[in-house]
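Each remark here refers to the structure printed beneath this line.
The values are calculated or read from the model by the stated rules, or taken from the named source; none is laboratory data. Remember, predicted model here, so these are calculated numbers, not experimental data. Please note: Cβ atoms are built from the backbone with ideal geometry, for glycine as well, and neighbour counts cover all protein chains shown.
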Amino acid sequence: MLVSLASLLLSCTKAPTPYSWSLPHNVPIPLVPEDNPMTEEGVALGEALFFDRALSVNQTLSCADCHQPALSFAESQKVSVGANGEALKRNALALVNVAYNASFTWAHNNLESIEKQILIPLFNEHPIEMGVTGNESEILRRFSTIEYKALFKAAYGDERASMNTIVKALASYVRSLVSFNSPFDDYAYAGNDQALTKQQIKGLNLFFSERTECFHCHGGINFTQSSKHSFQAFSVQPFHNTGLYNEDGKGSYPLSDVGLYAITHNKRDMGKFRAPTLRNIELTAPYMHDGSIATLEEVIDFYARGGNYAEMPNPYRSPFIKGFTITEEEKAALVAFLQSLTDQTFTKMHKRPEKK
Ligand code: HEC
Ligand code: HEC
C-alpha cells in the first residue's frame with residue numbers, strides 16, 4: 001500500500017501545495033523566510049524526519065526524543081542527553097509557536113531563523129546531540145528508501161535527500177507547531193466568558209498586575225515579549241536576568257552557563273536568558289534553562305522571594321524581579337491561570353506517527 005502510494009507520488013511532479021495555516025482571527029500569520037516557503041509537502045516530510053532516529057549518528061535519537069509531543073515538545077528531565085550519552089547543559093525548550101520567536105534557544109541574539117537553530121542539534125560536536133558532523137553521507141543514504149524518495153520529490157522536486165532539504169523540511173515542521181486553542185484563548189479572543197473558572201480569572205488578574213510583573217516579560221499573544229510577526233512593526237529581542245543564581249554576591253552565574261554573556265562577552269548580559277513562552281507550561285516541567293525548578297508553585301515562590309539570594313547585591317537582576325507577597329490562595333489562582341494556557345488539541349494533534 002505504502003509502496004504503491006509512493007510510486008504514484010514519484011511519477012507526478014506537481015508543484016507543492018501552499019501550506020494552509022489554521023489560525024484564529026486575532027493571530028497573525030508567522031513571517032516565513034523567502035527561501036523556505038511553507039508547503040504541505042515540506043511539513044509532511046519534516047514530520048517524518050522529526051520522529052526518525054535514523055537522523056542521528058547511531059540511530060538512537062530523534063528530535064522527538066528530546067522534544068516529546070505529549071509534553072508540548074519539551075521533555076521531563078532536567079537537561080537533555082545527546083546520542084552518545086553526553087549530557088547537555090540545558091533543558092529542552094518546548095516547541096510551541098516557535099514560528100513567532102524573535103530569537104532562538106534560551107539565550108542567543110544572533111541566530112535569526114529556525115533553519116539556523118536546527119544546525120545545532122544536527123551538527124554540534126561539543127557536546128554531541130545527533131552527531132551528524134562527519135557522517136553526512138552515511139546518514140543521507142538512510143533516506144533513500146522508496147517512501148522518503150517520494151516525500152523528498154513531492155516537497156522539493158528531487159527525490160535525493162540533502163542536508164539542505166532536511167533542514168528546510170524540519171524547519172517547516174517546527175514552524176507548523178502553532179497553538180492558540182487554550183481555555184485562555186477561548187476566553188480572551190473567542191468571547192467565551194465561561195471558558196475560565198473564577199479562580200483562573202483571579203489568577204489572570206494577578207498575572208497582569210504590577211504586583212507580580214509577570215506580564216512585563218511574558219506578555220503578548222505568545223506570553224513572551226520576545227516575538228516577531230506581521231502585526232508588530234519591529235522585532236525585539238529582550239533577555240533578562242531573573243536572579244536564578246548569584247554565585248558570589250556580585251551576580252555571577254555558574255561558569256557552566258552564563259546565558260547571553262557567553263555569546264556577547266558583554267558583562268551586562270551576565271545570566272540573561274529569553275523569557276520563554278508560557279503556553280502549555282503545565283506540560284513542560286521541570287522549569288528554567290537548567291530545569292532547576294520542579295513545579296509551577298515553586299516558580300511562583302522563586303519570583304515572590306525576588307529571585308534566589310535576593311538578600312545579596314546583584315547588579316544584573318532585572319528591576320522587575322523585586323519580590324512580592326502572595327497568599328496561598330492567590331498562588332493557587334496564579335497556577336490555575338497558567339494551567340488555562342494548556343491547549344489540549346495541540347498535544348492531541350501532534351503525535352509520534354504510528355510506524356517507526
Ligand atoms: C539531545 C536532545 C535534543 C535533540 C536531539 C534535539 N533538541 Fe532541540 N533543543 C534541545 C535543547 C536542550 C534546546 C535548548 C538549547 C539552548 O538553549 O541552547 C533545544 C532547542 C531547540 C529549538 C529552539 C526553540 C526555541 O524556542 O528557541 C528548536 C527549534 C529545536 N530545538 C528543534 C530541534 C529539532 C528540529 C531537532 C532535530 C533535528 C532537535 N531540536 C533535536 C534539545 C534537543
Ligand atoms: C524580568 C522578566 C521576567 C518576569 C517579570 C517574569 N519572568 Fe518568568 N521568566 C523570565 C526568564 C528570562 C525566564 C528564563 C530564566 C532562566 O531559565 O534562567 C523565565 C522563566 C519562567 C518560567 C519557566 C519557563 C520554562 O519553560 O521553563 C515560568 C513558568 C515563568 N517564568 C513564569 C513567570 C511568572 C508566573 C511570573 C510572574 C510571577 C514571571 N515569570 C515573571 C523572565 C521573567
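Brief remarks follow.
- Applying the set (1) more than 29 Å from T347 (Cα to Cα); (2) in a loop (DSSP other than H, G, I, E, B) to A262 leaves exactly one unmet item: (2).
- Conditions (1) among the acidic types (D, E); (2) without any contact (Cβ under 8 Å) to a residue 60 or more places away in the chain; (3) within 9 Å of ligand 1 (Cβ to nearest atom): number failed by E125: (3)
- Take the conditions (1) farther than 30 Å from K202 by Cβ; (2) at pLDDT 95 or above; (3) among the aromatic types (F, W, Y); (4) more than 16 Å from ligand 1 (Cβ to nearest atom); F324 misses just one of them, which is (1).
Yes/no matrix, rows are residues, columns are (1) closer than 27 Å to S227 by Cβ; (2) part of a loop (DSSP other than H, G, I, E, B); (3) among the hydrophobic types (A, V, I, L, M, F, W, C); (4) away from ligand 2 (no atom under 14 Å from the Cβ):
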position	(1), (2), (3), (4)
A275	yes, yes, yes, no
G291	yes, yes, no, no
V299	yes, no, yes, no
P319	yes, yes, no, no
F324	yes, yes, yes, no
E329	no, no, no, yes
A333	yes, no, yes, no
F337	yes, no, yes, no
K348	yes, no, no, yes
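- Condition check for L151: crowded, with 20+ Cβ neighbours inside 10 Å and either free of Cβ contacts under 8 Å to residues at least 60 places away in the same chain or away from ligand 2 (no atom under 16 Å from the Cβ) (or both): yes
- Residues located in the range 118-144, provided they are part of a loop (DSSP other than H, G, I, E, B) and aromatic (F, W, Y): F143
- Residues considered: N124, N109, N181. Of these, the only one that is under 16 Å from S56 (Cβ atoms), polar (S, T, N, Q) and surrounded by 15 or more Cβ atoms within 10 Å (Cβ to Cβ) is N124.
- The residue list A294, A310, A304 contains one member that is away from ligand 1 (no atom under 16 Å from the Cβ) and either at positive phi or modelled with pLDDT under 95 (or both), which is A310.
- Qualifying residue in the range 71-80 (condition: of a type in the set (S, T, Y), near ligand 1 (Cβ under 7 Å from one of its atoms), assigned to a loop (DSSP other than H, G, I, E, B) and touching a helix residue (DSSP H, G or I) at 6+ places or on another chain (Cβ under 6 Å)): yes
- Set Q225, Q237, Q232: member being touching a Cys at 6+ places or on another chain (Cβ under 6 Å), among the polar types (S, T, N, Q) and either surrounded by fewer than 21 Cβ atoms within 10 Å (Cβ to Cβ) or modelled with pLDDT under 95 (or both): Q225
- Residues considered: A54, A44, A70. Of these, the only one that is farther than 14 Å from Y173 by Cα, away from ligand 2 (no atom under 14 Å from the Cβ), in contact (Cβ under 8 Å) with a residue 12 or more places away in the chain and over 16 Å from the mean Cα position of the chain (by Cα) is A54.
- In the range 240-252, residue surrounded by the most Cβ atoms within 10 Å (Cβ to Cβ) [restricted to those that are modelled with pLDDT under 95 and of a type outside the set (D, E, K, R)]: N246
- Restricting the range 207-226 to residues that are in contact with a helix residue (DSSP H, G or I) (Cβ under 7 Å, 6 or more places away or on another chain) and either among the aliphatic types (A, V, I, L, M) or near ligand 2 (Cβ under 6 Å from one of its atoms) (or both), the residue that is nearest to P28 (Cα to Cα): C214
- Selected residue (criterion: nearest to K351 (Cα to Cα)) from residues of the range 83-138 that are of a type in the set (G, A, S) and away from ligand 2 (no atom under 16 Å from the Cβ): A99
- Residue within the range 79-91 that is surrounded by fewer than 18 Cβ atoms within 10 Å (Cβ to Cβ), under 29 Å from E354 (Cβ atoms), in contact (Cβ under 8 Å) with a residue 40 or more places away in the chain and among the β-branched types (V, I, T) present: no
- Here P254 meets each of (1) within 16 Å of ligand 1 (Cβ to nearest atom); (2) of a type outside the set (G, A, S); (3) touching a strand residue (DSSP E or B) at 6+ places or on another chain (Cβ under 8 Å) with one exception, condition (3).
- Among the residues of the range 257-281, just one is away from ligand 1 (no atom under 12 Å from the Cβ) and of a type in the set (F, W, Y), namely Y261.
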